[in-house]
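To keep things clear, I will list the structure first and then write my remarks on it.
The values are calculated or read from the model by the stated rules, or taken from the named source; none is laboratory data. This structure is a prediction, so every number in the text was calculated from the model and none was measured. Neighbour counts are summed over all protein chains in view; Cβ atoms, including those assigned to glycine, are modelled from backbone coordinates with ideal geometry. Accessible surface is based on the protein model in full, side chains and every heavy atom, while ligands, DNA and RNA are left aside. Shrake-Rupley method; radii C 1.70, N 1.55, O 1.52, S 1.80 Å.
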Amino acid sequence: MLSSGIPVATLLDDPASVEKKLFFAASKDLIRAWELGFFYLKTPDDLDLETARQFGRKLLASDSPYRQVPHYGELEGFIALENNQQTKLALRRERWGQHYPEHIAAFGRQLDAIGIAIIREVFRQSGILEALWDRASGGYASGGGDAFLNFVYYDTRTPDWGLRPHTDYGFVTILDASAPGLQIEVGGEFEDVPVLASHLIINFGEALNFITAHSNRAVSAVTHRVVSQQSADSVRHSIVYFANPNLDGMLWQFDAAGKEQGSSKVQDLFAQLENKLTETR
Ligand SMILES: [Fe+2]
């Protein structure tokens, strides 16, 4: 664990399977990560983060062809919001092959594998029977579900929040940030999250909190924000991957005895969260 109190995990080969497995140096670090809903992950050696960062930085160029990627609904495409520092190229897994170069689509599939390793460790800790993981996660735990790979930049010359305080709605968020600015809420106070070289930032979301709520070890969905950027660099870049349930699917709550304790349509859960966010704004 770092002096800041943020736990650090590593993905290691698991002798018992072909998958990588999530490890913390001490079990108290894992417990802290689950309580916070937040931890650092040592960047896996085979992940070519630098090439992906270069791809993200090139989006700034006004003649970048990726600025022409069309909108698909509100969440996908090249999106520049007027009232926000954030500009992004956002795409679901199904469109990576169509719009991203092959090496970026492959990078996204590597993040899929990381997301799956994390959610499988969450399930392992939860005591929920392995036969139920797929159903509980709307297919994400076995390679389905919904995933976004987004390249984001924050223009620090726009005087506004980077991102207002919120929780993520999905299962797991994987973040690579080039500059400080992210803060997480710990015990009612916002704390800076230092950029830690060679580490990704992982946070848990509401859907994961929901499906583990009645299990042996529930995870928290961490409240976080990005403060208005005022660094010497006028732009802060990040790469963000969201592991989500399918929007038209169901989420199931199981206890460690395999008994069903509740369920929700994904859309209903997300709509509830949206209402809560609106009320507290
Ligand atoms: Fe977020």
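Checking Gly187, Gly170 one by one, the residue that is open to solvent by 10 Å² or more (accessible area, probe 1.4 Å) and either over 16 Å from the mean Cα position of the chain (by Cα) or among the small types (Gly, Ala, Ser) (or both) is Gly187 and no other. Applying the condition of being out of contact with any Gly (no Cβ under 9 Å at 6 or more places or on another chain) and part of a loop (DSSP other than H, G, I, E, B) to segment 231-248 and asking which residue is farthest from Arg135 (Cα to Cα) yields Ala232. Can we say Gln253 is touching a His at 6+ places or on another chain (Cβ under 6 Å) and open to solvent by less than 40 Å² (accessible area, probe 1.4 Å)? Against the criterion (touching a His at 6+ places or on another chain (Cβ under 6 Å) and open to solvent by less than 40 Å² (accessible area, probe 1.4 Å)), Gln253 qualifies. When segment 198-214 is filtered for residues that are open to solvent by less than 40 Å² (accessible area, probe 1.4 Å) and more than 16 Å from the ligand (Cβ to nearest atom), the ones remaining, listed by number, are Phe210, Ile211, Thr212. Taking the residues in segment 81-111 that are farther than 16 Å from Val240 by Cα and modelled with pLDDT under 95 as candidates, determine which candidate is surrounded by the most Cβ atoms within 10 Å (Cβ to Cβ). Per the criteria, the residue is Asn84. What number of residues within segment 215-238 are in contact with a helix residue (DSSP H, G or I) (Cβ under 9 Å, 6 or more places away or on another chain), among the hydrophobic types (A, V, I, L, M, F, W, C) and open to solvent by 10 Å² or more (accessible area, probe 1.4 Å)? Result for segment 215-238: 3. If you go through segment 215-243 and pick out every residue that is within 12 Å of the ligand (Cβ to nearest atom) and either aliphatic (A, V, I, L, M) or within 17 Å of Pro180 (Cβ to Cβ) (or both), you end up with 7. Taking segment 1-52 as the range and being β-branched (Val, Ile, Thr), surrounded by 12 or more Cβ atoms within 10 Å (Cβ to Cβ) and more than 25 Å from Tyr153 (Cα to Cα) as the test, the residues that pass are Val8, Thr10, Ile31. Within segment 112-141, the set of residues being more than 17 Å from the chain's Cα centre (by Cα) and open to solvent by 40 Å² or more (accessible area, probe 1.4 Å) comprises Arg124, Gln125, Leu129, Glu130, Ala131, Asp134, Arg135. Output yes when any residue across segment 65-88 is at positive phi and in contact (Cβ under 8 Å) with a residue 12 or more places away in the chain, and no when none is. Checking segment 65-88: at least one residue is at positive phi and in contact (Cβ under 8 Å) with a residue 12 or more places away in the chain.
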